[in-house]
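Heads up, the thing below is written out as structure tokens.
Readers should treat all values here as calculations from the given coordinates under stated rules, not as data from a laboratory. Everything numeric here is computed off the predicted structure, so don't read it as measured data. Don't worry about glycine lacking a Cβ; one is built from the backbone with ideal geometry, like all the others, and counts go over all protein chains shown.
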Amino acid sequence: MNPHDKQVVLITGCTTGGIGHALALAFAAENCLVVPTARSLRSMADLDGDPSRFFPQELDVVSDESVRRVLSLVLDKFGRIDVVVNNAGVQCVGPLAEIPISSMEHTFNTNVFGTMRLIQAVVPHMASRKKGKIVNVGSVTVLAPGPWAGAYTASKAALHALTDTLRMELGLFGIDVINVVPGAVKSNIGKSALNSYNSMPEWKLYKQFEESIRLRASLSQGPKSTPSEEFAKKTVAAVLKKNPPSWFSYGQYSTLLAILFHLPLFIKDFLLRLIIKC
């Protein structure tokens, strides 16, 4: 395939072991030119060395300058960006009454404003071409928010709402907006969540729930969690369709959480308390 016929796909949060990394490999397997990004090139070193498939770049979604620099480099090199996948995100585990506000701000700055920062930067280019796809990676937890991950779930709920609005507003310019909603997918998010959790202050009101809160950090990383390669392959197939779905959800617990979403609140609360031990 001629390089000029390949779709150029920019993905954030491509650290090895994560969903973004798996998506980069899956898009490349479909003959796309992939721009995998992360805050450090070393964190995705295995994607370097094959310029016919990958153009790795350091990108920090919370930095305006970083976003502008990478988009400029990609447009100068390829002349276009066909697909943007906003995958970069951070977890935030702990009781809402005691989590430091600074931790919540960091979560929203990365998961919500980081996504919007990249979208606002790339939309003028896509609008000028009257084509493009923007993929926002949300979370199935939005369907049934439970204890101990409220800040993270709220950030993803905000992203879901923004994605719904963007779908209508950007559709006017021929841009497809897709909400990808992972269930429990194998990744390094559990490890990174535990690392950030270890920097949290000692709980006062919730000290007796310490074990349950800590377990929530790695809840999505159980032995039956969906392999990231499987999730990525299914997601890429959906995104690359001529008319992609507005909502694509896949992975362990995705069906369960969809069912919980439709239950009365008192039943939903009862079940979540049993599952997460609150």
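Quick check on the exposure proxy: order Ser63, Ser52 from fewest to most C-beta atoms within 10 angstrom.
Ser52, Ser63
Neighbouring Cβ atoms within 10 Å as the yardstick, rank Ser72, Ser187 fewest first.
Result, fewest neighbours first: Ser72, Ser187.
What relative contact order, as a whole-number percentage, does the range 3-276 give when Cα pairs under 8 Å and 6 or more residues apart are counted?
19 percent
So between Asp48 and Val62, what do we pick up on full extension, going 0.36 nm a residue minus the alpha carbon distance?
Length gained, Asp48 through Val62: 2.7 nm.
Would you list, by chain and number, the aspartates and glutamates whose Cα falls below 14 Å from the Cα of Lys234, excluding same-chain residues fewer than 8 positions away?
Glu30
What order do you get for Leu166, Leu215 when you list them from fewest to most C-beta neighbours inside 10 Å?
Lowest count first: Leu215, Leu166.
Please give the helix 64-78 orientation as an angle from the longest Cα principal axis of the chain, in degrees from 0 to 90, rounded to the nearest 10.
Once rounded, the angle reads 40 degrees.
Can you give the % of DSSP beta bridges in the chain that are antiparallel, to the nearest 5?
Of the beta bridges lying entirely in the chain, close to 5 percent run antiparallel.
Past 25 Å, Cα to Cα: identify those pairs from Lys156/Lys233; Lys133/Lys224; Lys130/Lys233; Lys233/Lys268; Lys6/Lys131, in the order given.
Too far apart for the 25 Å limit: Lys133/Lys224; Lys130/Lys233; Lys233/Lys268.
So what is the diffusion coefficient of the range 109-164 in µm² per second by Stokes-Einstein at 37 °C and 0.692 mPa s, using a Kirkwood Rh over Cα pairs?
Estimated via Stokes-Einstein, D reaches 266 µm²/s.
Taking only C-alpha pairs under 8 Å that are 6+ residues apart, what is the relative contact order of the range 107-208 in percent?
Result for the range 107-208 is 33 percent.
Seen from all sides and averaged, what is the projected area of the convex hull of the Cα atoms in the chain, in nm²?
14.5 nm²
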